[in-house]
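Student: Sharing a structure here in structure tokens format.
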Amino acid sequence: MYRMAICDDNPADIIYLKSFVEKWAENAEKALKIESYSSAEAFLFQYEEDRSIDLLLLDIEMEGMSGVELARKIRQENRSVQIIFITGYMEYIAEGYDVEALHYLLKPVTAQKLYGVLDRAAERLKSKEKELCLALPGAVVRVAFCEIRYLEVQRNYVTVHGAEDYTVKKTLNELEKELDGSFCRAGRSYIVNLHFVRKITRTQVILKDGREIPLSRNCYERMNRAMIRYFG
């Protein structure tokens with residue numbers, strides 16, 4: 001069961017989008033609960049009570065708090081919700097990178113374009129449910145893929161860097177087999193989660209938190225192709 005919210009101050013647009021979303025869910029055989037809100041403030045009031053939202057179709061130009069302002073508030077503590085902006089203006093697109101929006105859809109939204117974006121959102125949500133099982137001394141820890149920023153070899157051990165760091169006695173090749181397409185090799189000593197990548201140069205991968213990961217020369221093209229596939 002996915003939980004979706006449509007936030008738009010135009011009731012006609014909510015009805016229009018909801019009809020497409022319901023048809024997509026029926027065709028994709030997805031269980032979907034849809035809630036609608038006429039303002040960012042109304043959504044935020046409910047969100048403070050219950051934050052179990054998976055997808056958010058969010059209008060940008062609204063009275064009061066804008067969609068971008070709302071997205072920034074959500075991203076302060078929630079990076080897993082898939083935010084899809086709805087807008088009539090191209091100039092807002094750059095702001096989406098700051099809040100990790102999945103996509104922008106320009107009005108008037110078509111069913112074909114919306115279905116493609118919803119398919120991507122569903123795949124992202126499936127990926128976020130995956131976990132890496134790490135056997136530590138005296139404990140077993142399960143780390144969600146979406147929490148892992150990168151993996152790093154340190155002598156005979158690999159450190160998994162995320163909200164917390166865990167070090168296990170395994171090879172990078174062994175752990176790589178357990179990961180999915182959201183991860184990519186940066187060289188012999190690093191695997192990077194593409195979701196956390198801000199910039200790729202010929203010599204390094206720069207993460208959103210400012211961390212600089214050395215990038216092997218023979219991995220540059222592969223990393224770029226992986227980024228295109230992941231965000232395309």
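Student: Return the long-range amide H neighbours of residue 103 (sequence gap of 5 or more, or a different chain), with a cut-off of under 5 Å between placed amide H atoms.
Tutor: Excluding prolines and chain starts, which carry no amide H, the hits are 85.
Student: Can I ask one more? Percent of alpha carbon pairs in the range 79-174 separated by more than 21 Å?
Tutor: For the range 79-174, the fraction of Cα-Cα distances above 21 Å is 50 percent.
Student: Which length gain, in nm to one decimal place, applies between residue 212 and residue 189 when the Cα-Cα distance is subtracted from 0.36 nm times their residue separation?
Tutor: Details: separation 23, 0.36 × 23 = 8.28 nm, distance 1.33 nm.
Taking 0.36 nm per residue and subtracting the Cα distance, the gain is 6.9 nm.
Student: Considering the dipole of the range 3-123 built from charges on the beta carbon (Lys and Arg +1, Asp and Glu -1) around the Cα centre, which of 101, 21, 78 is farthest to its positive end?
Tutor: Result: 21.
Student: For the pair residue 91/residue 19, report the inter-label distance in nm, with labels modelled 7 Å from Cα in the Cβ direction.
Tutor: Inter-label distance under the simple model: 3.2 nm.
Student: With a 1.4 Å probe and every protein chain kept in, tell me what percent of the accessible surface of the chain is carbon plus sulfur. Spell out each step's value before the answer.
Tutor: Numbers: 6120 of 12600 Å².
C and S fraction of accessible area: 49 percent.
Student: Place a point 7 Å from Cα of residue 163 in the direction of its Cβ. Which residues in the range 179-209 have their backbone N less than 13 Å from it?
Tutor: The answer is none.
Student: Considering only protein heavy atoms, what per residue accessible area in square angstrom results for the range 15-83 with a 1.4 angstrom probe?
Tutor: 52
Student: Another question, if that's okay. How would 161, 103 rank on accessible area, largest to smallest, probe 1.4 Å?
Tutor: If we order 161, 103 from most to least accessible, we get 103, 161.
Student: On to the next question. Below 8 Å between Cα atoms, with a sequence gap of 6+, how large is the relative contact order for the chain in percent? Can you show the working numbers first?
Tutor: Values: 363 pairs, mean separation 24.9, N = 232.
Across the chain, relative contact order equals 11 percent.
Student: Nearest 20 debye, what's the magnitude of the dipole of the chain about its Cα centre given +1 on Lys and Arg Cβ and -1 on Asp and Glu Cβ?
Tutor: 1480
Student: As I understand it, the dipole of the chain uses +1 on the Cβ of Lys and Arg and -1 on the Cβ of Asp and Glu, about the Cα centre. Which of 45, 214, 114 lies farthest toward its positive end?
Tutor: It is 214.
Student: Can I ask one more? How much net charge surrounds residue 217 when only other residues with a Cβ under 13 Å from its Cβ are counted (Lys, Arg +1; Asp, Glu -1)?
Tutor: Charge balance near residue 217 sits at +3.
Student: Here is a follow-up. Among 66, 172, 148, whose Cα lies farthest out toward the positive end of the dipole of the chain, if unit charges sit on the beta carbon of Lys, Arg (+1) and Asp, Glu (-1)?
Tutor: Of 66, 172, 148, it is 172.
Student: Can you divide the C-alpha Rg of the range 30-87 by 2.2 N^0.38 Å and report the result to two decimal places?
Tutor: 1.06
Student: Please go through the residue pairs 30/177; 177/199; 107/130; 130/169; 73/130; 23/73 and name each one whose alpha carbons sit more than 23 Å apart in this structure.
Tutor: 30/177; 177/199; 107/130; 73/130; 23/73
Student: On to the next question. Can you give the helix-only mean residue ellipticity at 222 nm for the chain, where every DSSP H stretch with n ≥ 4 adds -39500 (n - 2.57) and the sum goes over all residues, rounded to the nearest 500 deg cm²/dmol?
Tutor: Details: 6 runs with 72 residues, N = 232.
The helix-only estimate for the chain comes to -9500 deg cm²/dmol at 222 nm.
Student: Mind checking the full-extension length gain between residue 125 and residue 173? Use 0.36 nm per residue of separation minus the Cα-Cα distance, one decimal, nm. List each step's numbers first, then the result.
Tutor: Details: separation 48, 0.36 × 48 = 17.28 nm, distance 2.53 nm.
In short, 14.8 nm is gained.
The values are calculated or read from the model by the stated rules, or taken from the named source; none is laboratory data. Just so you know, these numbers come straight off a predicted model, no measurement behind them. Counting neighbours? That spans all protein chains shown, and the Cβs are built from the backbone with ideal geometry, glycine included. Protein only, heavy atoms only, side chains kept; ligands, DNA and RNA dropped before computing areas. Shrake-Rupley method; radii C 1.70, N 1.55, O 1.52, S 1.80 Å.
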